[in-house]
Structures are given as structure tokens and as C-alpha cells.
Amino acid sequence: KIVLSWREPRGASLLFRGPEVDLNTPSVNANVQINMPESRWILLLGGPRLGPAVLFWSLLVVILVTAWALGRVPLMPLRTRDWVLLGIGLSQVPLLAAALVAGWFLVLGLRRREGQRIGNPQLFDLLQVILAGWTLLTLGVLLWAVQQGLLGTPEMQIAGNGSYSSELHWYADRAGELLPRPWVLSVPLLVYRLAMLAWALWLALSLLRWLRWGWESFTEGGGWRRWRRPHAPAPSPAPPESPSPGEGD
């Protein structure tokens, strides 16, 4: 068993490739591992088939299709561009949290259009309470997304062969004389921070407009309804008393 170690005078760069190792003889079972520094934002990578992949770009396609569909819904004030930007920022939080934000817009749009048709005041007020709580949850999710973008690490959905964001593994059963040379395309983490800062500023400006629309939708046809107390039935008149014997003689 031979272990060979060496250092090269180069670090992470825009396009990093593994070193060229020529064994001058066919080889098998090649394992290649690249440890990326936390100060880099991985955008793309490649190498042997059994290795990691950046799944974020597949998620981005889903975001674009979903944004195009939601942009065609007339109930909400967001257009396709707004949904795309909102979806990209919310990709840093779990999918359920992002769906919570999208559902808030849809439910408020339905409240704006159909709220006056609810005749039961108890049901109407109950829905208003649910909407108020949903609004607080939505604001919390948006704040969480901003925090993740400005303080957290990029969630690029890197997975495959036991890899994750900073540790990448490739395997080739037959490598030949030259060992595999995976590559990683990355930029400084500062680029990600600046992009998320721009997104946070856009979100703050857009949120003022969305909250005004949300308040108008919430109060369309009245914010609360007075509960009507059931009227007590009027007392029935007492039957006339029958005359006692001897009266009227």
C-alpha cells in the first residue's frame, strides 16, 4: 500500500480542476475528493458519472415554470418577474415555507373577491383570524429567507455519492493511466452576499406594495362582522280564566 502526498502552489479559483496524475499504468477504483473552502460559492461541477451534482438548476427550472403559471392568475398583484425573483430568494428555505408565502397571496386574492359572499358572521370572523395569523407566518418566512441569504451559506442542493456543499466525492471503477480530473466552477462567497443583499432590498420595496394590497383585501367588505344574538321568543298570552261557579248570577 503506497500513499503519495504533495502540495501545489494554487488554491480555489473560478474554474478549479483536479491535478493531472499519470500513473503510467491502467488503474481501477479511483476515488477523488475535493474539499472546497467555505468562502466559495459553487455554481457548477463535473467529473466521473458517479459523483455530485448541483440540483439547484433543476429547481430553478421548476421555479420558472411555477412563476409563469402564477403570473397568469389575476387574483394576485404579482407578475411573472415578481414570482421569479421571490422564488429564487425563497429557494434558500424549505419548500413548505415557500408554499406558505405563495398560498398567502392566493388566499388573500380569494378573500378580496369572495369575502362578501360569506353570510355567516362567525365563519367570516374565523377566516379573518386565520388570515391574520397566516400574515404573521408569511412575514416570518420572508425574514427567515433574508437572514439565510445574508448570514447563511448558499443552499445549492449539492448531493450525490455522499457529497455535500463543501466536500465533493467522485468514483470511477476504471480510471486508466490518468486519474479522473473533476472540475468545480465557483465564485467568492461575497458575490452571493451581494446578490442576496440586492434581493433583500427589492423585497423590502415590494413588500410595502404587497402589504397595502393585502390590507385592502383583508378589509374588503369590512374587517369584522357583528354577531347577531338570537331573539328570545315572545311569551304566549295566558289563556282566559274560566268564571267560577256563582259568578255572573
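The values are calculated or read from the model by the stated rules, or taken from the named source; none is laboratory data. Computed from a prediction, not measured in an experiment: that's the story for all the values here. Reconstructed Cβ throughout: ideal geometry from the backbone, glycine too, with neighbour counts over all protein chains shown. Protein only, heavy atoms only, side chains kept; ligands, DNA and RNA dropped before computing areas. Shrake-Rupley method; radii C 1.70, N 1.55, O 1.52, S 1.80 Å.
For every residue, the table says whether it meets (1) of a type outside the set (K, R); (2) touching a helix residue (DSSP H, G or I) at 6+ places or on another chain (Cβ under 8 Å).
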| residue | (1), (2) |
| --- | --- |
| K1 | no, no |
| E8 | yes, no |
| N24 | yes, no |
| P48 | yes, no |
| L86 | yes, yes |
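Criterion first (in contact with a strand residue (DSSP E or B) (Cβ under 6 Å, 6 or more places away or on another chain) and within 30 Å of L142 (Cβ to Cβ)) does R79 satisfy it? In short, no.
Going through (1) part of a helix (DSSP H, G or I); (2) under 25 Å from the mean Cα position of the chain (by Cα) one by one, D125 falls short only on (2). Quick check: anything in the range 83-106 polar (S, T, N, Q) and within 19 Å of L203 (Cα to Cα)? Scanning the range 83-106 turns up at least one residue that is polar (S, T, N, Q) and within 19 Å of L203 (Cα to Cα). Could you grab me the full set of residues in the range 164-188 that are in contact with a Phe, Trp or Tyr (Cβ under 9 Å, 6 or more places away or on another chain) and open to solvent by less than 30 Å² (accessible area, probe 1.4 Å)? Answer for the range 164-188, where residues must be in contact with a Phe, Trp or Tyr (Cβ under 9 Å, 6 or more places away or on another chain) and open to solvent by less than 30 Å² (accessible area, probe 1.4 Å): P180, P182, V184, S186, V187.
So that you can scan it fast, the table gives a plain yes or no per residue for (1) under 18 Å from R209 (Cβ atoms); (2) touching a residue at least 24 places away in the same chain (Cβ under 8 Å):
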| residue | (1), (2) |
| --- | --- |
| L78 | yes, yes |
| V93 | no, yes |
| R111 | yes, yes |
| R117 | no, no |
| F124 | no, yes |
| T135 | yes, yes |
| V146 | yes, yes |
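Residue-by-condition table, conditions (1) among the charged types (D, E, K, R); (2) under 43 Å from the mean Cα position of the chain (by Cα); (3) modelled with pLDDT under 85:
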{"residue": "W6", "(1), (2), (3)": "no, no, yes"}
{"residue": "A12", "(1), (2), (3)": "no, yes, yes"}
{"residue": "F16", "(1), (2), (3)": "no, yes, no"}
{"residue": "E20", "(1), (2), (3)": "yes, yes, no"}
{"residue": "T25", "(1), (2), (3)": "no, no, no"}
{"residue": "N31", "(1), (2), (3)": "no, yes, no"}
{"residue": "S39", "(1), (2), (3)": "no, yes, no"}
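Of all residues in the range 191-214, those satisfying the criterion of being under 25 Å from A53 (Cβ atoms) and without any contact (Cβ under 8 Å) to a residue 60 or more places away in the chain are R193, A195.
Does E216 satisfy the criteria of being open to solvent by 80 Å² or more (accessible area, probe 1.4 Å) and either part of a strand (DSSP E or B) or closer than 30 Å to Q128 by Cα (or both)? It is true that E216 is open to solvent by 80 Å² or more (accessible area, probe 1.4 Å) and either part of a strand (DSSP E or B) or closer than 30 Å to Q128 by Cα (or both). Residues of the range 113-152 that are more than 22 Å from L96 (Cβ to Cβ), open to solvent by 80 Å² or more (accessible area, probe 1.4 Å) and touching a helix residue (DSSP H, G or I) at 6+ places or on another chain (Cβ under 8 Å): none at all.
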